[in-house]
Amino acid sequence: MLTASVAVPRPVRRLFTYAVPPDLASRCRRGVRVVVPFGQKKVTGYLLELLDESVPAPDYALKPVEEVLDAVPVLDESILEMTRWAADYYAASWGEMIKAALPGMQAVLRKTVTLTPRGIRALEGGGGALLDSSLPDVARDPLARDMLGVVAEFGADPERGMRMADLRKKVGPRFRPALFDRLRREGLVAVVERPASPGPRPRYEQEAMLVQPADRGAERPQGGPPPGRRQQRLLDLLRERGGRAPVSALLTESGATREALRGLERRGRVVVRSIESPRRPAALELRVEAAPSFTPTPDQRAALDVVSGLLDRRRFGACLIRGVTGSGKTEVYLRSIESVISGGGRALYLVPEIGLTPLLARRLRSRFGEVLALLHSGLTEGERFDEWRRIRDGRVRVVLGARSAVFAPLQDTRLIVVDEEHDASYKQDEYPRYNGRDLALLRAKMTDAVVVLGSATPSMESYRHALRERYRLVTLPSRIGQAGMPAVERVDMREEFRALGRESVLSRRLLSALEERVAGGEQSLVLLNRRGFSTFVLCRSCGEAVGCRRCSITMTLHLREQRLRCHYCDDRRRVPASCPVCGSGELHFGGTGTERLEEILRARFPAARIARMDRDSMSGRGAMERLLTRVERGEIDILLGTQMIAKGHDFPRVTLVGVLAADAHLGLPDFRAGERTFQLLAQVAGRSGRRDRPGEVIVQAYYADHHAIRCAARHDFEGFAKKELAYRRVMNYPPYSAMTLILVRDRRFARAREGAGTVAALLRRLAPGTLQVMGPAPAPLERLRGEYRVQVIVRAASRRAMQDALQSLMAEMERRSIRSENLTIDVDPLSTL
Ligand code: ADP
Ligand code: ZN
Ligand code: ZN
């Protein structure tokens, strides 16, 4: 028997064996997607190996492969190898990792209904069936017989059946789910999940082609009357477009009807045929003027030399470019990519979130034209599929993409650029929790490529590698142009409180700076990393804060919606008029979020044009880009928002940045709190004073003396890194140890604690000495969506040791059949929150 080994996208680590039916045998190849039954469901799996008769079949009946979705394998050897390694490293299943590598390429499965032979007998027996005692009672129910009749009419083909949804529609309001269920339980109908579509498919469109007189041949003289005016216009248009054009465009432009075109076809002047028409991401359609060509600055030259030196060796190598915002890093990436392309190679360019940098896509488009592909989650499924296939088919030389583009099927990748390498978006925050930056390094190691990491504020991990000379370190210390780095001033809000005798949201210093900008027609940004109006609602009588029913967190008031919202699970409830605990009417709405800040600013600067950018105000496709364009055009005076405003936008007119509650993160039990704070401040400060205007930054905090804030104010990355690394070393935190966060969730606290206790005990026993196991302890966010969370933090001296320990943990858990669905294993977590 021919069998196949298949990886399924479920959190189980082993592969599964399926029987290969003879009619599918020729299409079953390594690397194709298949539909296989799994438990009660059908899933899209990945065929990894065909095993022939020589491999003894197991002694139980194998389930069959039901469908082969690809004619050409979607997974090549290098993606297979990479996903396999990544699955091992992140203690995830291979199938899940492959699924993450092929985003949007899951088959769509639909429930369909068919009649079983028994159902046919019941229906066809007519009156006889009513007496047939082998048939269940339900076969005699008139309504049930109606339903069977509809299935017989529309779902007779056992290969296809009819869609469950259609059955409901056809039967109409008389459809009874319970009755239908009985038909299924009694075996009169079968409900099967089948692929409705194998995921996205190529798109075709009709193209008209002018037939050249020579092709027409003498034996087919032109018959009929001469072409009419519209037809003549069609022919002219076709000629103008070089002899071929999409039919839809031709008809729109000429105003001719389809019939006019058909007339030309009949006379042999034109041929219409279907050709594939790839969908292009909108950002690639925009025409942009050719990029200006600069002479690199000496610093850029030095960086380019390091990169080309690495590329020349044709072996794995990495370099970290630390360059302040506006120092010309992007230019270094682009030139390096150009040199790779001119040498016949290909390059991957990873960025945290492309949606935030539409300008970059256009800039690349003007540099690389048709050989550029885009891969990110903002594309439609069809666009992504087409871009993916252009890459696989070798028609692309540069791929610009987010995290998952690290898996792009780009052959001969010699260079991988990871811009803003420190950014948290590289880490997938759901299973499997891989880090795109780290996988870029892995990919480069496997294929002898070069990685260029770039950031104004490198992660402590990458920076330490650079200090130890595992990566080459290049520094671009100054901005291009006259502007220089902005002056940063810290405002201690404790002193502000003392001076004013009350709490204030905006310090006097920031208010006067804003006033100046508004009066002078210059732009300002104000960052407050908290959404909503009031960040907590407190009862003045009993002291209780209104918390989420499902999470251990206070709820935020959103004034415009008139709702309290939980920022973790998005639960909403009405704004209480009195305390839910003691009934007192004395409620205090405390804390300031962006919504309240907007109101304060509007009241204070009634003439200014003010806009807010956060997740609440930026819902809907394109909202972000529209607002950014308005800011770019100078139509906004004050832009306020969450960290969204800090991301790599280029705001040439901004000369003031205000940061409120800069220390908000520092009180949290997260070993990266300092690093995050420094990064955010450096990043938002970088928005001020680009080009030739000097910028100013005002940072407000109660704990303004923290080294993260002091160093950020001096633009002193090295000073910050020195302190931060010393702290991490003392505490044995990454990068001085490898860390994994294991979280057990359960509706009952005791069970979550017990599960986490088992994991901790196993780890202590499996790897005594090499591991430091802490916990179990309640997670800082103890309850989320109604589930308790108990965590175990594991540290090892090396990632290798960590990987070995996790592998033995998983094996041991499987051996003891310990459930793992409610277990999250986060290798190299970004935070311990
Ligand atoms: P970064 O990526 O470090 O933020 P960019 O590469 O975007 O910096 O460069 C900042 C600005 O300086 C851009 O507007 C870019 O066009 C310009 N620029 C880059 N390199 C040069 C150069 N060598 N000469 C003049 N202008 C440059
Ligand atoms: Zn109360
Ligand atoms: Zn909640």
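Here residue 395 fulfils each of the conditions (1) in contact (Cβ under 8 Å) with a residue 60 or more places away in the chain; (2) farther than 28 Å from residue 646 by Cβ; (3) in contact with an Asp or Glu (Cβ under 9 Å, 6 or more places away or on another chain) apart from (1).
Every residue, every condition in (1) open to solvent by less than 60 Å² (accessible area, probe 1.4 Å); (2) on the phi > 0 side of the Ramachandran plot, yes or no:
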{"residue": "570", "(1), (2)": "no, yes"}
{"residue": "604", "(1), (2)": "no, no"}
{"residue": "610", "(1), (2)": "yes, no"}
{"residue": "617", "(1), (2)": "yes, no"}
{"residue": "621", "(1), (2)": "no, no"}
{"residue": "628", "(1), (2)": "yes, no"}
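Screening the stretch 743-767 for residues that are open to solvent by 50 Å² or more (accessible area, probe 1.4 Å) and under 32 Å from the mean Cα position of the chain (by Cα) and picking the one that is farthest from residue 550 (Cα to Cα) gives 753.
Within the stretch 68-80, residues that are within 21 Å of residue 19 (Cα to Cα) sit with their Cβ atoms under 6 Å from residues that are assigned to a loop (DSSP other than H, G, I, E, B) and open to solvent by 40 Å² or more (accessible area, probe 1.4 Å), at 6+ positions apart or across chains, in these pairs: 73/29. When residues in the stretch 549-558 are screened for being at pLDDT 90 or above and either more than 16 Å from ligand 2 (Cβ to nearest atom) or over 24 Å from residue 789 (Cα atoms) (or both), 3 of them pass.
Only one entry in 340, 351, 371 is without any contact (Cβ under 8 Å) to a residue 40 or more places away in the chain, in contact with a strand residue (DSSP E or B) (Cβ under 8 Å, 6 or more places away or on another chain) and among the β-branched types (Val, Ile, Thr), namely 371. Sort out which residues of the stretch 469-489 are among the small types (Gly, Ala, Ser) and farther than 26 Å from residue 295 by Cβ, and write them in order of number. Selection gives 487 alone.
Counting only residues that are over 18 Å from residue 599 (Cα atoms) and outside any loop (DSSP other than H, G, I, E, B), which one in the stretch 547-563 is nearest to ligand 1 (Cβ to nearest atom)? Out of the qualifying residues, it is 554.
Across the stretch 564-579, what is the number of residues that are within 15 Å of ligand 3 (Cβ to nearest atom) and in a loop (DSSP other than H, G, I, E, B)?
Residues in the stretch 564-579 being within 15 Å of ligand 3 (Cβ to nearest atom) and in a loop (DSSP other than H, G, I, E, B): 6 in total.
Among the conditions (1) within 16 Å of ligand 1 (Cβ to nearest atom); (2) part of a strand (DSSP E or B); (3) touching a Ser or Thr at 6+ places or on another chain (Cβ under 8 Å); (4) open to solvent by less than 10 Å² (accessible area, probe 1.4 Å), residue 347 misses just one, which is (1). Within the stretch 87-131, the set of residues being at pLDDT below 70 and either farther than 30 Å from residue 806 by Cα or over 50 Å from the mean Cα position of the chain (by Cα) (or both) comprises 107, 108, 109, 125, 126, 127, 128, 129, 130, 131. Residues in the stretch 684-713 that are part of a loop (DSSP other than H, G, I, E, B) and closer than 23 Å to residue 461 by Cβ: 686, 706.
State all residues of the stretch 302-340 that are in contact with a helix residue (DSSP H, G or I) (Cβ under 9 Å, 6 or more places away or on another chain) and either within 16 Å of ligand 2 (Cβ to nearest atom) or open to solvent by 40 Å² or more (accessible area, probe 1.4 Å) (or both); if no residue qualifies, say none. Those that are in contact with a helix residue (DSSP H, G or I) (Cβ under 9 Å, 6 or more places away or on another chain) and either within 16 Å of ligand 2 (Cβ to nearest atom) or open to solvent by 40 Å² or more (accessible area, probe 1.4 Å) (or both): 308, 316, 335, 338, 339. I need every pair where a residue in the stretch 533-552 that is open to solvent by less than 30 Å² (accessible area, probe 1.4 Å) has its Cβ under 6 Å from the Cβ of a residue that is more than 13 Å from ligand 2 (Cβ to nearest atom) and of a type in the set (Lys, Arg), sequence separation at least 6 or different chains. Hits for this filter: 533/596; 551/783. The residue that is nearest to ligand 1 (Cβ to nearest atom), counting only those in the stretch 650-669 that are open to solvent by 10 Å² or more (accessible area, probe 1.4 Å) and of a type outside the set (A, V, I, L, M, F, W, C), is 650. The residue pairs whose first member lies in the stretch 774-797 and is under 21 Å from residue 554 (Cα atoms) and in contact (Cβ under 8 Å) with a residue 12 or more places away in the chain, whose second member is within 16 Å of ligand 3 (Cβ to nearest atom) and open to solvent by less than 20 Å² (accessible area, probe 1.4 Å), and whose beta carbons are closer than 6 Å, counting only pairs six or more residues apart or on different chains, are 783/551; 784/551; 785/569; 789/779. Looking across the stretch 478-504, just one residue is touching a helix residue (DSSP H, G or I) at 6+ places or on another chain (Cβ under 7 Å), over 15 Å from residue 697 (Cβ atoms) and open to solvent by 40 Å² or more (accessible area, probe 1.4 Å), and that is 503. Only residues that are of a type outside the set (Val, Ile, Thr) and in a helix (DSSP H, G or I) were counted in the stretch 68-118, giving 20. The residues of the stretch 312-328 that are of a type in the set (Gly, Ala, Ser) and part of a loop (DSSP other than H, G, I, E, B), listed by number, are 326, 327, 328.
Taking residue 685, is it under 16 Å from residue 487 (Cα atoms) and within 16 Å of ligand 1 (Cβ to nearest atom)? For residue 685, the condition - under 16 Å from residue 487 (Cα atoms) and within 16 Å of ligand 1 (Cβ to nearest atom) - is met.
The values are calculated or read from the model by the stated rules, or taken from the named source; none is laboratory data. This is a predicted model, so every value here is computed, not measured. No Cβ is skipped: glycine too gets one built from the backbone with ideal geometry, and neighbour counts run over all protein chains shown. Accessible surface is based on the protein model in full, side chains and every heavy atom, while ligands, DNA and RNA are left aside. Shrake-Rupley method; radii C 1.70, N 1.55, O 1.52, S 1.80 Å.
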